[in-house]
């Protein structure tokens with residue numbers, strides 16, 4: 001059974017709980033990606049209160065397979081991504097601007113803390129490419145060429161060239177292995193040329 005599907009209040013093996021960032025004493029989240037509502041009294045209207053018992057919250061799949069959970073505070077309910085809740089709570093900060101939380105193994109429902117990392121969107125796209133998580137990549141390349149993209153044996157992800165072909169060793173490599181995106185000779189081949 002996947003961690004997030006386990007509704008038992010009993011802690012799982014190696015599970016640690018912490019208050020959800022911004023919801024102290026109301027919700028908790030674990031390093032395994034489970035979210036629970038804490039035992040507390042809430043206003044039920046007309047001056048009455050009712051007791052809410054501790055419970056593990058259900059998580060819903062989105063189109064991209066990411067999991068979300070509904071959190072409520074002062075009568076206002078919001079849906080939040082579980083990956084955001086886990087990372088922000090254990091780091092006690094909001095996600096940096098222009099960054100996203102990436103699942104290292106690219107399994108969107110695996111929200112264990114050790115599987116989450118803050119990266120730029122292009123870094124996430126490169127990781128998708130490395131793990132062959134980019135469907136219909138060739139069609140995307142052809143579409144971009146029609147739109148005027150310059151293409152020299154390279155491959156695009158999210159509009160950015162992430163792999164290029166070295167004209168010396170004829171090996172497809174990540175763009176980081178070239179001095180710049182205009183170069184068609186990888187760093188390794190260029191350094192070997194200099195030694196000669």
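Read-outs throughout are calculated quantities, based only on the coordinates presented, and are distinct from any laboratory measurement. Keep in mind it's a predicted model, so treat the numbers as computed, not measured.
Brief remarks on what is shown
- Relative contact order of the range 3-119, pairs being alpha-carbon contacts under 8 Å that are 6 or more residues apart, as %: 22 percent
- Just so you know, the Rg over Rh for the range 3-119 is 0.98, from Cα atoms, with Rh as the Kirkwood radius.
- Hydrodynamic analysis of the range 25-72 uses the Kirkwood radius over alpha carbon pairs. Inserted into Stokes-Einstein at 25 °C and 0.890 mPa s, it gives a translational diffusion coefficient of 199 µm²/s.
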